[in-house]
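Structure first, then comments.
Read-outs throughout are calculated quantities, based only on the coordinates presented, and are distinct from any laboratory measurement. Just so it is clear, the structure is predicted and the values come from calculations on it, not from any experiment. Cβ atoms come from the backbone with ideal geometry, glycine included; neighbour counts cover every protein chain shown.
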Amino acid sequence: MIDAWTLAAVIIMALVALSLVSFSLMVASSETAVSRVTRASLNNRILEVQTDDSIGHLAKAKQIDKIHKVQRLIVDRYATAGSCAFLRITCNVFDGVLVAAIAMTLCSPLWGALVAGAVFALAVAVLSVMLRPHSTEDSKPVDVMLHYARIVSLAVALTPFSKTGEERKARRRAGAGDLSDDEELEKIQRDQGRAMVDRLVESSDFDPEVGEMLRNVLTLSETLTREIMVPRTDMICVDSSSTLEQFLQLCSRSGYSRIPMIGDDVDDLKGMVYLKDAVRAMAFNPGARKRKVTSIRREPMLVPESKPVDDLFHQMQRTRQHVAMVVDEYGGIAGLVTIEDALEQIVGELDDEHDRIQHSKPEKIGKGKWRMPARTPIAELEDIFEVDIDEDDVDTVYGLLTKLLGRVPLVGMHAVTRGLKLTASDTAGRRKQVSMVVVEPDGLDSDSEEGRFDDNETEDEAKDTEQNDR
């Protein structure tokens, strides 16, 4: 028979155990919320409180004081989370001890008391873990931290040793790149997003292509503009002294509709010239063909080469620009980027009905005449025609043709070297780069004819054409 004192002790231990269970669940919620609260969200909450006329001055002061307390807690975010985790585990252990003590008080055998305590402690631990991701604090971490600010402050005060581990983590973060607290939180959230996408893609009813696009979206902020731009060596430019007729011919040959206008060189950028502006100017006024392209110039959009692609995409959306000039750290022109370059980072290569697929290997199309992909190595060209090109600074047929011409080749342009005539014959891709080069014996003396121009035009005419094609 249990006397009154024993029953009172059992009731007290049961109430303490239930209190520890409740405390453990609150600490578990705070442990999740503290990793999701940012300084920006707390600053926004302060502004909301200060501008809320429905709250009295005393209530505002109390809420702002509580927000300041949360701000102090997230200064050492990982130390705070460690304190919460330590107290949660400690509460679970004491719950098991109390349940075991209650069982022994009720005359249970030792092994039964131990099993009861262990089972209860495990049940509370599982309950705290299961409730944590499905509760409302995941979507409102600021509210949770404000609600449990005093409890979390108590947890931090009771576990001063947690800051020791935080100091080691801070030193490792400083050695790894000195990320700020919010930047590291953003990195963690990106990693969690990738893991979530991977789990979605693994499901059998999820489209793999959609999964790939989701992965690409998550990497936009890590991709810089310099990685997707057209380098300045591959840019087609128009000289500011050219006429609208010459500009129209250049657009027809290159396949571009938006071309940078330059002065003495690429770094002397004058503006952008659009094909639709030229067509509009000449459609009902044939005499406008002789007007200079400066009459239809537009102000160029300039972006730094270190700009993340997601910021670039949003900026081009806001300004309604489809093309931008990329500037390096010294103020020079590094290249050109379009809004489709940014889109391709998400959906992949965009081809239209005019794009042609490049052949994977050189193809013989006549007696001694070969059609080669632009990226064919020079070594393969040497093997086919049994010649020694001896060019150390270029590796492909396209690079060789570009070096011989001294500029970006367009379809129809050709040059001769080592008795071989190289002709740009085809374009592919949205950027309209030369994709195929026809190589054939020229039949002329290579030493005197290397790099010569078309038979039907003089060298002076070729130079004039080159000047206009810029």
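Below are the figures for this structure:
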item: Surrounding net charge for LYS69, when Lys and Arg each add one and Asp and Glu each subtract one, Cβ distance under 13 Å; result: +4
item: Cut-off under 5 Å, modelled amide H: who pairs with LEU420 long-range; result: ASP442
item: Relative contact order (%) - the range 238-394, alpha-carbon pairs under 8 angstrom, separation at least six; result: 14
item: Distance violations [Cα-Cα > 29 Å] among LYS276/LYS369; LYS307/LYS361; LYS364/LYS403; LYS361/LYS421; LYS140/LYS307; LYS62/LYS140; result: LYS276/LYS369; LYS307/LYS361; LYS140/LYS307
item: Selection from VAL266, THR294, THR338 lying farthest towards where the dipole of the range 226-347 points positive, charges on Cβ; result: THR294
item: In the range 248-291, chymotrypsin sites (Phe, Trp or Tyr not before Pro) in a DSSP loop with at most 12 other beta-carbon atoms within 10 Å; result: PHE284
